[in-house]
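Step one of this worksheet: look at the structure below.
The values are calculated or read from the model by the stated rules, or taken from the named source; none is laboratory data. Please read these numbers as outputs of a predicted model, since none were measured by experiment. Reconstructed Cβ throughout: ideal geometry from the backbone, glycine too, with neighbour counts over all protein chains shown. Only protein heavy atoms, including side chains, enter the accessible area calculation; ligands, DNA and RNA are left aside. Shrake-Rupley method; radii C 1.70, N 1.55, O 1.52, S 1.80 Å.
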Amino acid sequence: MKKVLFFILLACTFMACNTTVYELQMETIDVYIGAEDWKYTNYDQNGSPYANNYFFATVNVPEITQSVFEKGQVNAFVVYDANTSYASKHILPYVRHYEEQLSNGDWNFYTETVDCMYGPGWVEFNYRASDFAYENDVTINPVGMRFSIVITHGY
């Protein structure tokens, strides 16, 4: 009798479960922003200088549809040392602290931040350095950077 009751309860448990299966569709897009592709936010539309300037580069990403924007997810990574044994990906925003000794023996300490934002059809990457040395030396420019954009479609 106990065995019959056990199997009845077990059958009721399986019938009461409602399992929904979601299929995730993901795609990865690799992007390279060359040193010459970075733009500088030095002036607004009226020609007035901005404070806290930064560099930016925008890429077209048609895979980020309105549906992805509303129901999906987009993650971006900066990729260092690609195709080497030291290759690494860092999710954005990525913050890295630096120190460098200047030719006069003094030390310069600063933080680099790589970030991004996106909308339907586009991604904008941003680069900032906390010492704002590029405010005084216009020859300073970010190096070329590799990025990986991972899109998860929502249904």
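Glu63 fulfils the conditions (1) at pLDDT 95 or above; (2) surrounded by 12 or more Cβ atoms within 10 Å (Cβ to Cβ); (3) not in a loop (DSSP other than H, G, I, E, B) except for a single criterion, (3).
Based on what the data block shows, is Tyr86 surrounded by 14 or more Cβ atoms within 10 Å (Cβ to Cβ) and more than 17 Å from the chain's Cα centre (by Cα)? For Tyr86, the condition - surrounded by 14 or more Cβ atoms within 10 Å (Cβ to Cβ) and more than 17 Å from the chain's Cα centre (by Cα) - is not met.
Taking the residues in region 130-155 that are open to solvent by 70 Å² or more (accessible area, probe 1.4 Å) and closer than 25 Å to Thr65 by Cα as candidates, determine which candidate is nearest to the chain's Cα centre (by Cα). Filtering region 130-155 for residues that are open to solvent by 70 Å² or more (accessible area, probe 1.4 Å) and closer than 25 Å to Thr65 by Cα, the one nearest to the chain's Cα centre (by Cα) comes out as Arg146.
Candidates Met117, Met145: the one that is farther than 30 Å from Glu23 by Cβ and modelled with pLDDT of 95 or more is Met145. For region 77-155, the strands (runs of 3 or more DSSP E) that sit wholly inside it and include 1 or more residues that are touching a Lys or Arg at 6+ places or on another chain (Cβ under 7 Å) and under 21 Å from Val61 (Cβ atoms) are 145-153. Taken together, the criteria exclude Phe69 from residues that are open to solvent by less than 80 Å² (accessible area, probe 1.4 Å) and modelled with pLDDT of 65 or more.
Determine whether Val21 is among the aliphatic types (A, V, I, L, M), closer than 27 Å to Val150 by Cβ and at pLDDT 85 or above. When the stated conditions are applied, Val21 does not pass them.
Take the residues in region 24-46 that are in a loop (DSSP other than H, G, I, E, B) and open to solvent by 60 Å² or more (accessible area, probe 1.4 Å), then tell me which one is modelled with the highest pLDDT. Among those that are in a loop (DSSP other than H, G, I, E, B) and open to solvent by 60 Å² or more (accessible area, probe 1.4 Å), it is Leu24. Pairing each residue of region 135-155 that is without any contact (Cβ under 8 Å) to a residue 60 or more places away in the chain and over 20 Å from Gly119 (Cα atoms) with any residue that is aliphatic (A, V, I, L, M) and outside any loop (DSSP other than H, G, I, E, B), provided the two are 6+ apart or on different chains, yields C-beta distances under 7 Å for Ile140/Ala133.
Answer yes if at least one residue in region 90-112 is open to solvent by 80 Å² or more (accessible area, probe 1.4 Å), within 29 Å of Ile151 (Cβ to Cβ), hydrophobic (A, V, I, L, M, F, W, C) and touching an Asp or Glu at 6+ places or on another chain (Cβ under 7 Å), and no otherwise. No, region 90-112 has no match at all.
Among the residues that make up region 47-60, is at least one of them at pLDDT 95 or above, among the polar types (S, T, N, Q) and either open to solvent by less than 60 Å² (accessible area, probe 1.4 Å) or in contact with a strand residue (DSSP E or B) (Cβ under 9 Å, 6 or more places away or on another chain) (or both)? Yes: one or more hits.
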